[in-house]
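The structure under discussion appears below in the form of structure tokens.
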Amino acid sequence: MSDPAALARADIRALAPYVPARAAARATRLNANEAPWRNPADEGEAALNRYPPARPLALAESLAAHYGVAAGRVCATRGSSEAIDALVRCYCRAGVDDIVVCPPTFGMYAVYAGVQQAGVRTVPLIAARDFALDVDGILEAWDETAKLVFVCSPNNPTGGSVDGAELARLCGALEGRGLVVVDGAYYEFSTADDYMALLDRHSNLVVLRTLSKALGLAGIRCGALVADPRVVELVMRILPPYSLPTPTLEAAAAGLGPVALTALQSRLAALRAERERIAGALAELPAVERVWPSEANFLLVRFADAGAALASAADAGLLLRDFSGTPGLEGCLRITVGAPADNDRLLAALAPATVSA
Ligand SMILES: *Cc1c(COP(=O)(O)O)cnc(C)c1O
């Protein structure tokens, strides 16, 4: 297997990483210009006058244990958003290199490409096959200035997962030519493979995960890039030191602990059941034309009149995401599965008014 870091920008590969001030247990740090006292309002467990670790290696180890991979395969990031940004910056020369995206999909890949002045090639998902990945189309679109393809699985906003054999085929075909980035932000809601086992066979596979969705920790901004250790080392070069705040490290450690994870299992099961309940109920409504199967915590729904459905939901105090202006998603709204009472409110709001005699 070839070195997946060899495809990265030569200037990033040559960059001398910043050397942060040393920290050692039991030694007093007079080397980092920190305050010697705590802020009077800082009453939490860990003193916030001290910098967090320059590299959050303990968190990376917890994440690696959670995902069942070797610690050297994980880079902890500020949400998976930061991992997307870092990959684009590491691999794409401004004005020269491109990423490939498969719309309709998460909009942030193209945003970060724009920030880096990388081009965006689009290979749409196959609408007639429930938005399946067009592997042959991606391979046709590839050349030496294509560096990364983002595969969102389960895909936001269409809800389906990529087929494992197709993903392996894509990785194999792009071996030595590009990275395949699987964004698994919604993995925990699915019954699909997590594709971590493929990492041993495909050095050009990168899997992104986050604590923002199923773990219920969007507020702490914590994600993970899981990849070949050479990609991890490369990405860590460009991330700022001390970037994961102490409160985030504490909350992530607790959230990845056995007590929290055990309690989450039943919540996840309940959320999946709730997703199927409202998918069925929505499909029965006269206003609804189609509900796509979902492996995530949302449903993509096509309405005869999306504007009217949005307005009815808004009248009930519920916000839905409007995708009706997205090519291929005419009439479509994305509905997050909420608490059962919220979902009931939504179903009532979208049901035709019953006319009393
Ligand atoms: C929500 C979401 C993320 C998560 O981003 P974070 O920065 O980890 O909060 C990543 N990818 C997709 C497709 C998402 O929908």
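Filter region 124-167 down to the residues that are without any contact (Cβ under 8 Å) to a residue 24 or more places away in the chain and outside any strand (DSSP E or B), then identify the one that is surrounded by the most Cβ atoms within 10 Å (Cβ to Cβ). So, considering only residues that are without any contact (Cβ under 8 Å) to a residue 24 or more places away in the chain and outside any strand (DSSP E or B), the one surrounded by the most Cβ atoms within 10 Å (Cβ to Cβ) is 137. Tell me whether region 184-192 contains one or more residues that are more than 17 Å from residue 101 (Cβ to Cβ), acidic (Asp, Glu) and buried (at least 18 other Cβ atoms within 10 Å of the Cβ). Yes, region 184-192 contains at least one residue that is more than 17 Å from residue 101 (Cβ to Cβ), acidic (Asp, Glu) and buried (at least 18 other Cβ atoms within 10 Å of the Cβ). Would you check if there is a residue in region 337-349 being within 26 Å of residue 122 (Cβ to Cβ) and in contact with a Leu (Cβ under 6 Å, 6 or more places away or on another chain)? No, region 337-349 contains no residue that is within 26 Å of residue 122 (Cβ to Cβ) and in contact with a Leu (Cβ under 6 Å, 6 or more places away or on another chain). On the stretch given as region 250-262, residues that are loosely packed, with under 10 Cβ neighbours inside 10 Å and outside any helix (DSSP H, G or I) total 0.
Table: residues versus (1) among the hydrophobic types (A, V, I, L, M, F, W, C); (2) closer than 15 Å to residue 9 by Cβ; (3) away from the ligand (no atom under 16 Å from the Cβ); (4) at pLDDT below 95.
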| site | (1), (2), (3), (4) |
| --- | --- |
| 72 | no, no, yes, no |
| 75 | yes, no, no, no |
| 91 | no, yes, yes, no |
| 106 | yes, no, no, no |
| 110 | yes, no, no, no |
| 129 | no, no, yes, yes |
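Can we say residue 307 is in contact with a Ser or Thr (Cβ under 8 Å, 6 or more places away or on another chain), free of Cβ contacts under 8 Å to residues at least 24 places away in the same chain and closer than 28 Å to residue 127 by Cβ? Considered against the rule, which asks whether it is in contact with a Ser or Thr (Cβ under 8 Å, 6 or more places away or on another chain), free of Cβ contacts under 8 Å to residues at least 24 places away in the same chain and closer than 28 Å to residue 127 by Cβ, residue 307 comes out as yes. Summed over region 16-31, residues that are surrounded by 13 or more Cβ atoms within 10 Å (Cβ to Cβ) and either β-branched (Val, Ile, Thr) or at pLDDT 90 or above (or both) total 0.
Can you tell me how many residues in region 169-183 are farther than 30 Å from residue 331 by Cα and surrounded by 18 or more Cβ atoms within 10 Å (Cβ to Cβ)?
Quick first cut of region 169-183, residues farther than 30 Å from residue 331 by Cα only: 169-180.
Now restrict to residues that are surrounded by 18 or more Cβ atoms within 10 Å (Cβ to Cβ): 170-171, 174, 178-180.
The qualifying residues number 6.
Each residue in region 88-126 was checked for being farther than 13 Å from residue 181 by Cβ and out of contact with any strand residue (DSSP E or B) (no Cβ under 8 Å at 6 or more places or on another chain), and 12 pass. Looking at region 284-291, is at least one residue in a helix (DSSP H, G or I) and surrounded by fewer than 16 Cβ atoms within 10 Å (Cβ to Cβ)? Within region 284-291, one or more residues are in a helix (DSSP H, G or I) and surrounded by fewer than 16 Cβ atoms within 10 Å (Cβ to Cβ).
Residue under question is residue 100, and the condition is that it be under 20 Å from the mean Cα position of the chain (by Cα), of a type in the set (Val, Ile, Thr) and part of a loop (DSSP other than H, G, I, E, B); does it hold?
No, not satisfied.
Contact map, region 34-63: first residue basic (Lys, Arg), second residue assigned to a loop (DSSP other than H, G, I, E, B), Cβ cut-off under 6 Å, separation 6 or more or different chains; pairs are 38/47; 38/49; 50/34.
The condition of being within 16 Å of the ligand (Cβ to nearest atom) and either under 30 Å from residue 158 (Cβ atoms) or in contact with a strand residue (DSSP E or B) (Cβ under 9 Å, 6 or more places away or on another chain) (or both) holds for only one of 291, 206, that being 206. Does region 263-271 include one or more residues that are under 18 Å from residue 188 (Cα atoms) and not in a helix (DSSP H, G or I)? Looking through region 263-271, none of the residues is under 18 Å from residue 188 (Cα atoms) and not in a helix (DSSP H, G or I). Only one entry of 197, 218 meets the criterion of being surrounded by fewer than 22 Cβ atoms within 10 Å (Cβ to Cβ), within 16 Å of the ligand (Cβ to nearest atom) and farther than 20 Å from residue 88 by Cα, and that entry is 218. Could you check region 170-194 and list, in sequence order, the residues that are assigned to a loop (DSSP other than H, G, I, E, B), modelled with pLDDT of 95 or more and within 16 Å of the ligand (Cβ to nearest atom)? 184, 185, 186, 190 - these are the residues of region 170-194 that are assigned to a loop (DSSP other than H, G, I, E, B), modelled with pLDDT of 95 or more and within 16 Å of the ligand (Cβ to nearest atom). Of the numbered criteria (1) over 30 Å from residue 147 (Cβ atoms); (2) among the aliphatic types (A, V, I, L, M); (3) in contact with a Pro (Cβ under 9 Å, 6 or more places away or on another chain), the one residue 254 fails is (3). Residue pairs whose Cβ atoms lie under 8 Å apart, separated by 6 or more positions or on different chains, with the first residue in region 12-23 and part of a helix (DSSP H, G or I) and the second exposed (fewer than 10 other Cβ atoms within 10 Å of the Cβ), do not occur.
The values are calculated or read from the model by the stated rules, or taken from the named source; none is laboratory data. Owing to the predicted nature of the structure, the values given are computational and were not obtained by experimental measurement. FYI the Cβ positions are ideal-geometry reconstructions off the backbone, even for glycines, and counts take in every protein chain you see.
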